Structure formats: C-alpha cells, structure tokens
Amino acid sequence: MNVIEVNNVSRSFRNGKETADVLKNIDLTVEEGEFISIMGPSGGGKSTLLYLLGGLDKPTTGSVRINNTDLSSLSDKELCRMRNEEVGFVFQFYNLVPNLNVEDNIALPLMIAGKKRSSYADKLDECLRIIGMEDKRKLTPRELSGGQQQRVAIARALVFDPKILFLDEPIGNLDSKTGTDIMELFREINRKYNKTIVQVTHSESSAYYGTKLVKLVDGQIQSVETICSSEPIRSSKKPITA
C-alpha cells in the first residue's frame, strides 16, 4: 500500500525576473512501513521535497497524495489538522519550549489541537518509554543534553500516533556517537512500531539506516536503491539515553 504518491512534481521560486527550478518532474512512491532516505548535496532540493511531502509547501506543478488524499484538495484548516495529527516532523533544531518540562513539551501538540491531555495520559507514558526518558519527564530543556532534547522532539512527533514521520537532517546538530544512537532509535521506531519514515540527509551513514535510498541531484531523482540491512535493532529493554 502506497502511503505517499508524488506525481510529476516541480517546484520553482521567483526572484524578481528570474526563476529558480528547485525540483523538476519528481515521481516517487513510498509504501507503508518503508524507511526512505533522500540523500544529495546541499542545494539539491532535498528539504524542499520533504516540505512538499509533509504539506508545509505546495508544488508549482504536479500532485502529492498522502494516504490517497491529494494535499491540494485540502483547505488550510484540514491541512493544518493533517500536519498536526496524521504525520510527525523532526527537524535538525529541536524547537523545544525552554520554560516547559519534558512532559509538557511532548504534550504541546495536544494543547494546540485543543485535546484533553488526560485522554492521552497513556500515550504520553508510552512516548516517554519509547525514548527512554521516563525518569526525566519533569526536567526542562536546559537540563538535557542535545541528544536528549532530540529524543523529546521525537516523542512530541509521536504523541498523536502518526503513520508517517518526516525527518529533516535529524542528527545534524549532534556528535557522531549521539547521532548513531538517535538513528538506532529511528530504526527501532520504524521496525517495532511500523512507522513509515522519510528522512533527508547529506550523511551516507545515516542514509543507510533506511530501507530505500533516493539520490536527489540538481532537483532530479538520480537513482533509487533498495537497502538490505540484516543488522538487528537494539533491545528496547535497555533504553538509549544519549
């Protein structure tokens, strides 16, 4: 089952009289449960493509469908609800609220959507278990390491139990060891919880945590490669606490 379908998508930006063609005639499908890594040089259109997939931007031409719904057919209100509840985003910068503790930062999407936090108490606990930070729920971001802050951002993206996660250079601000631990966590989320993941990265080592590698160069898909990985995921009995 395809959860994402991109058909003949192009994205251009105008700067005065000049037009920059950032994406050119992109066709891409993502199946349920896949972990797609979009890799390429800086300026090649990776983040632009990710924002189109997540409904943060609109294509100049072509269509993007999520769960068989054409995003262009949605009103602004429907698109906002979809971005908040049906998909999750994890960015390079953690974007945590400094004066809120871990638990409140994770619950922030619930508050924005006007949901009763009490109805999601079990889900909050589950998210904390997934990231291995049950004992740090009352700490504020300034008391956490960079890796721990990114874990909180991951839990925040999971609180509505979305089917799809979009990652934009998720370990770009982390040292190599912490970055490896975070990528291990994403692989566990993909395999154990059957979340479809689409990440953009310039790192080859990060890209190969996925199941498929899409190479994007100068706004065009250069190749699509299936990744065969037999390396086991880390046991969830010993949470990673980087």
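The values are calculated or read from the model by the stated rules, or taken from the named source; none is laboratory data. Predicted model, so just to flag it, every value in this text is computed and none were measured. Glycine also receives a Cβ, built like all others from the backbone with ideal geometry; neighbour counts cover every protein chain displayed.
Computed values, structure above
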{"item": "Selection from segment 75-89 of residues that are buried (at least 16 other Cβ atoms within 10 Å of the Cβ) and either free of Cβ contacts under 8 Å to residues at least 40 places away in the same chain or not charged (D, E, K, R) (or both)", "result": "L79, M82, R83, N84, V87, G88, F89"}
{"item": "Qualifying residue in segment 120-137 (condition: in a helix (DSSP H, G or I) and over 25 Å from E188 (Cβ atoms))", "result": "no"}
{"item": "Selected residue (criterion: farthest from R142 (Cα to Cα)) from residues of segment 76-106 that are in contact with a strand residue (DSSP E or B) (Cβ under 8 Å, 6 or more places away or on another chain) and in a helix (DSSP H, G or I)", "result": "M82"}
{"item": "Flag if E34 is surrounded by fewer than 16 Cβ atoms within 10 Å (Cβ to Cβ) and either free of Cβ contacts under 8 Å to residues at least 60 places away in the same chain or in contact with a Ser or Thr (Cβ under 8 Å, 6 or more places away or on another chain) (or both)", "result": "no"}
{"item": "Which numbered condition N105 misses (of (1) in contact with a Pro (Cβ under 8 Å, 6 or more places away or on another chain); (2) closer than 25 Å to D21 by Cβ; (3) not hydroxyl-bearing (S, T, Y))", "result": "(2)"}
{"item": "Qualifying residue in segment 115-126 (condition: under 27 Å from E34 (Cβ atoms) and among the small types (G, A, S))", "result": "no"}
{"item": "Of all residues making up segment 52-61, the number that are within 13 Å of the chain's Cα centre (by Cα), on the phi < 0 side of the Ramachandran plot and free of Cβ contacts under 8 Å to residues at least 60 places away in the same chain", "result": "2"}
{"item": "Restricting segment 18-74 to residues that are small (G, A, S) and outside any loop (DSSP other than H, G, I, E, B), the residue that is nearest to T226 (Cα to Cα)", "result": "S37"}
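A quick yes/no check of all residues on (1) modelled with pLDDT of 95 or more; (2) closer than 21 Å to A153 by Cα; (3) surrounded by 13 or more Cβ atoms within 10 Å (Cβ to Cβ):
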residue	(1), (2), (3)
Y208	no, no, yes
L213	yes, no, yes
I221	yes, no, yes
S230	no, no, no
K238	no, yes, no
